[in-house]
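Here, each number is a calculation from the coordinates, and none is a lab measurement. Model, not experiment: these values are computed from the prediction. So basically every Cβ, Gly included, is an ideal-geometry build from the backbone, and we count neighbours across all protein chains shown.
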Amino acid sequence: MKMTMTVALNVHFAAGILAALCFGSASGAPAVFSCAELEGAKAEVHLEYLQRDRSALKPDCIFYAMDQIGLKHYAPAVKTLIKYLDYRVPEDPSKAGLPVIMRIPTLGSLYPAIPALFEIGKPAALDLVGSIADPDTPDVARSNGIEALFLIHREDVSEAVALLNRAGRESADRLASQRLMDAARRMADKCRGPAISSCMKALQ
């Protein structure tokens, strides 16, 4: 009985994170994205769309493509999604055909690549680490990459701390190592309750 309740709580916890990452109405219901050009297309087509010149793409289709890639857990899209970690919802979403945020926005509702990478999960982890280390990664994309990595490892954040810490120690590039170690410390700061001990240990 206790095990059944624990599993149920874990399911509700994961569902809560997903709801928090998505666009929503005033009631918090997830938004439905649409793009006539891409409706019914395979994940490969959604990825190909995102790989075009970003300035020529429609915001509603960008969000739709990322949403569908995430729902299909399409791992080949990881590198492209990481390049979109600095892509933000337009200041006036309604003009771009996007749902209007009627509540305090979350990172995931502002930056659609975060929930898409979260849905893909651990297959995205190593590429995210590489992006965090890369000097050409914009600061906002690096910060959002850390957030995506945190969500992917939400059930055991110490795994993400250890992954970043190990990559930092193994890097031959001093500056890249520093960026990774800083990210590991930021990740450890996100740990709460009983997880704090294992996160601190992962930093050693």
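Per-structure values
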{"item": "Tensor-based shape of segment 36-79 (alpha-carbon gyration tensor, a/c under 1.5 rounded, otherwise prolate or oblate)", "result": "oblate"}
{"item": "Net charge of Cβ neighbours under 13 Å - reference LYS79; Lys, Arg +1; Asp, Glu -1", "result": "-1"}
